[in-house]
Amino acid sequence: MTRSPDTTGNAVARLADRLSKLAGAPVALERPSDPAHGDYATNVALRTAPQHKRPPRELAADLAVQAAELDEIERAEVAGPGFLNLWVTTEWLAGALAEVGADYGAGTTETPQKIQVELISANPAGPLTVGSARNGAYGDSVARVLDYAGHEVEREYYFNDAGRQVDLFRASVESRRRGEELPEGGYQGDYIDELAKVDGDPVEHMLGEIRREVAAFRIPVDTWRHQGEIEKHVAEVLPELDTFEADGTIWARTSAYGDDKDRPLVRSSDGSYLYFAADVAYVRDKLERGFDRAIYVLGADHHGYVGRLKAAAAMLGYDPERIEVLIYQLVHIVECGQTKKISKRRGDVVFLHELVDKIGIDAARWYLVSRGHDQPIDIDVDLAAERTQKNPVYYVQYAHARIAGILRNAEAAAGGETPTELAAEERDLIKRLLEFPLVVAESAERRAPHAVPIYAIRLADDFHRFYHEHRVVGSETEAFRLTLARSTQNVIARALDLIGVEAPERM
């Protein structure tokens, strides 16, 4: 992983830094669940009391006196066994709000890296399934937050266009063209019948279709790699490996490099390559291109790949920590209360274009990134297709569109003097906006873009609450509230963009 993110350009981080100097220890500021306990709180006195050999409440009381002297702090109080609760000034909140521009929260990484994200590595034996769509949506969102955090990111699609499954796919289409029964274990479904009507290699046809599907799903791909091309370099890679021969097979001694077992490379009988041979050549292909980190996004059936890919890197003389494997779990489509079973070869598969036809690109992108990659996703098609506030993506987009409407109707310019007092809803909305840099930084650091839609819902909640309680246009503090509204719009738009969802001006 990269080093801890740098959020010192953020007002909350700067305040935490000032308090850290007073406390003589790092201070992490958190928002209490109950605003009556302050705008921010810290447990630094509890954490450091043992080393100071003083009661935590006594230590917190001393820190409260010092904190109250800071310009940013209106008052400070000790609570419970030694927590320090802090109320910030209206001026500090207004100053922090002024920093919330179009690129708020960008460039948080301390050490920018050159990172490759392998978005999808499905074989081209049919259109993209919803499983591969999660692969792509999640991988692209990881790439987006990494890029926004300040890394140089390249997105890659790896076509598994060689091997038994691709041969079986071709044979299935050819059988249909000849009007014959499918080969044993062959691919089924309407799309096979449709491909049989098209001249030429069905694999080449699917490669073109997949490229169009990926672009339509808002996944920019910088480079396309083909397994067939990678396999041409296997022969020059094999001499670099630690190998042995047994049972008619040449094996890589990956168990000596951290893998749980050795991996087969080549059949001695005919010299044909096995899957791991191409994997090793592809590891070298990636790392020779100078990436500090190569991130693979792979499906739930690829858990064994973590150890073997790192072992391949080590065997080739690279730092295995340059390889990172993110495993995402399955996607279940629920329609009319029933979960659909998915098997591409049986023909009862749900393709990406079918999901998009039902719920649209925005909802599909949102739902495919809405959970952590290590958790399965259930997409309720009926809910996702709703244009109501029960649908979370619609709810967040509606907040953006509502703000756009406010700004269209406003005569005053944003800005203006800071009110002497802010309403509770205004304070809460500003504090939520100030969380965004840390959300982005941690999403990039943890490869966890699902934190972004979670944050976006909370921000929309805070905005809707503010708007319900307070007038913007025509209020005594119209200019200031327009600034607050525009800042909220900026952050919602950025949050949606980080997961590939559009921010509409009208709905």
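Observations on the model:
- Solvent exposure of residue 48, expressed as accessible area, is near 10 Å², computed with a probe of 1.4 Å over the protein chains only.
- DSSP-defined antiparallel bridges as percent of all bridges, the chain, nearest 5: 50 percent
- Spacing of the two label points (7 Å from each Cα toward its C-beta) at residue 98 and residue 340, in nm: 5.3 nm
- Estimated translational diffusion coefficient (Stokes-Einstein, Kirkwood radius over Cα pairs, 25 °C, 0.890 mPa s) of the range 297-376: 162 µm² per second.
- Cα centre as origin, Lys/Arg/Asp/Glu Cβ charges: the range 258-303 dipole, Debye: 120 debye
- P(r) histogram, all alpha-carbon pairs of the range 7-46 included - 10 Å bins from 0, percent: 32, 52, 17
- Ignoring lysines fewer than eight residues from residue 261 along the same chain, the ones with Cα atoms less than 16 angstrom from its Cα are 310.
- Think of the chain as a dipole: +1 on every Lys or Arg Cβ, -1 on every Asp or Glu Cβ, centred on the Cα centre; then among 108, 92, 498, 92 lies furthest on the positive end.
- Accessible area per residue in Å² at 1.4 Å probe, computed on the chain: 45 Å²
- For the range 62-76, 3J(HN,Hα) computed residue by residue from phi via the Karplus equation (6.51, -1.76, 1.60; θ = phi - 60°) reads 4, 5, 4, 4, 5, 5, 5, 7, 6, 4, 6, 9, 7, 7, 9 Hz, glycine and proline entered as x.
- To put it simply, the accessible area of the chain at a 1.4 Å probe is 47 percent carbon and sulfur.
- Cross-link partners of residue 340 among aspartates and glutamates (Cα-Cα below 14 Å; sequence separation of 8 or more within a chain): 348, 354, 378, 380, 382
- Two-decimal ratio, the range 210-335, of alpha-carbon radius of gyration to 2.2 N^0.38 Å: 1.17
- When restricted to Cα atoms, the range 304-437 yields an Rg and a Dmax of 22.7, 68 Å, respectively.
- Each residue of the range 450-464 is assigned a 3J(HN,Hα), and the resulting list reads 5, 5, 5, x, 4, 5, 4, 5, 5, 5, 4, 4, 5, 5, 4 Hz, derived from the Karplus form 6.51 cos²θ - 1.76 cosθ + 1.60 (θ = phi - 60°), x at Gly and Pro.
- In the range 90-246, the inverse of the mean reciprocal separation of distinct Cα atoms equals 19.0 Å; this is its Kirkwood hydrodynamic radius.
- Helix-only CD estimate at 222 nm, as mean residue ellipticity for the chain, using -39500 (n - 2.57) per DSSP H run (n ≥ 4): -14500 deg cm²/dmol
- Cα gyration tensor shape of the range 421-487, rounded if a/c is under 1.5, else prolate or oblate by comparing a/b with b/c: prolate
- Here the range 86-130 is described by how far its Cα atoms reach on the three principal axes: 61, 27, 23 Å, from widest to narrowest.
- When the charge dipole of the chain is built from unit charges on Cβ atoms (+1 for Lys and Arg, -1 for Asp and Glu) and taken about the Cα centre, the candidate among 195, 272, 49 whose Cα reaches farthest toward its positive end is 49.
- The base-10 log of I(q)/I(0) for the chain, evaluated at q = 0.07, 0.08 Å⁻¹, reads -0.50, -0.63 [Debye formula, identical scatterers on Cα atoms, solvent excluded].
- Here the range 377-507 is assigned +1 on the Cβ of each Lys and Arg and -1 on the Cβ of each Asp and Glu. Its dipole about the Cα centre then comes out at about 180 debye.
- Dipole of the chain computed with +1 at Lys/Arg Cβ and -1 at Asp/Glu Cβ about the Cα centre; of 437, 370, 325, farthest Cα towards the positive end is 370.
- With 10 Å bins from 0: P(r) over the range 21-124, alpha-carbon pairs, percent: 13, 33, 24, 16, 9, 4, 1
- Across the range 143-152, rounded Karplus estimates of 3J(HN,Hα) from the backbone phi angles (6.51 cos²θ - 1.76 cosθ + 1.60, θ = phi - 60°) give 4, 5, 5, 5, 4, 5, 6, x, 8, 8 Hz, Gly and Pro being marked x.
- Straight-distance candidates among the lysines for linking to residue 53, with alpha-carbon spacing under 21 Å and chain neighbours fewer than 8 residues away dropped: 21.
- Pairwise FRET efficiency - residue 475 versus residue 190, Cβ, R0 = 60 Å, nearest 0.05: 0.55
- Cα-based Rg of the range 375-434 normalised by 2.2 N^0.38 Å, two decimals: 1.62
The values are calculated or read from the model by the stated rules, or taken from the named source; none is laboratory data. All values reported here derive from a predicted model rather than from experimental measurement. Cβ atoms come from the backbone with ideal geometry, glycine included; neighbour counts cover every protein chain shown. Side chains are part of the model used for accessible areas, which takes the heavy atoms of the whole protein and leaves out ligands, DNA and RNA. Shrake-Rupley method; radii C 1.70, N 1.55, O 1.52, S 1.80 Å.
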